[in-house]
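A short worksheet on the structure shown next.
Taken together, the values in this text are just the output of simple stated rules run on the coordinates, not laboratory data. This structure is a prediction, so every number in the text was calculated from the model and none was measured. Backbone-built Cβ (ideal geometry, glycine too); neighbour counts: all protein chains shown.
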Amino acid sequence: MSQLVVTDLRKEFPTPNGPLLILDGVNFSLESGKNLAIVGPSGSGKSTLLQIIGALDTATSGSIQLAGIDPAGLNPQALSKFRNEQVGFVFQEHHLLPQLSALENVLLPRLATGTATDEDVTWGRELLNRVGLSDRSGHLPSELSGGEKQRVAVARSLISRPALLLADEPTGSLDQANAETIGKLLLDVQQVVGAILICVTHSSALASVFEQTARLNQGRLEFVA
């Protein structure tokens, strides 16, 4: 049972007029299988918060622990391994490699650490099946629709069975029908691996299907009743 604990997280950016405070003492915790939607206006720091939680950026102060590990204390090699194995990412853009098939793109996080095992390939095929693309595993991204590409990205985020799944505006570039499909898929596949899911979104419709919703307002995270 993994737990994410975010404690007094602060993030400042230097400017000619002094530090610009983006995150001002963010605190929350989530356990395995739980999900949270974070909403707020553009520029409120939602993506910055997600990047810090996913160990893609560092905080000015405060701490994050995932399964008892603080990524801020890891050396670069250990940090890369932590991100690859413990955190799955889904972004607004799918970021698929055009020269790789759908299955190869799903396997990419495993290929990055060496050779994908037979077990990895079987799991990758199962994930593609779960997102409704079992018949498209050999297709290149150029042969897939926008919604299909994002479904491949969802499958890829789970190939390492991460403890934490982070989605940054995952439906932002999709039409309404595909957006609804991706939103449902995220919640469904989260349960497959029992991951913690955090989704940043502008969509009130997407946020409404999550167990909890919080709004980032002037650097502080306020949970919506």
In the chain, taking the dipole from +1 charges on Lys and Arg beta carbons and -1 charges on Asp and Glu beta carbons about the Cα centre, the listed residue (GLY25, ASN178, LEU107) farthest towards the positive end is GLY25
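Using R₀ = 35 Å, calculate the FRET efficiency as 1/(1 + (r/R₀)^6) where r is the Cβ-Cβ separation of GLU126 and GLU12; round to 0.05.
Numbers: r = 43 Å, r/R0 = 1.24.
Between GLU126 and GLU12 the formula returns 0.20.
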quick shape note, the stretch 3-224: Cα extents on principal axes in Å, largest first -> 52, 40, 35
Going from the fewest other Cβ atoms within 10 Å to the most, one would list ARG215, ARG156, ARG220 as ARG220, ARG215, ARG156
Per the helix-only model, the chain has a calculated mean residue ellipticity at 222 nm (DSSP H runs of ≥4, -39500 (n - 2.57) each, divided over all residues, rounded to the nearest 500) of -10000 deg cm²/dmol
Percent antiparallel among DSSP beta bridges confined to the stretch 3-224, nearest 5, equals 55 percent
Whole-Å distance linking the alpha carbon centroid of the stretch 189-225 with that of the stretch 100-176 is 22 Å
Projected convex hull area of the stretch 131-185, Cα atoms, direction-averaged, in nm², equals 4.1 nm²
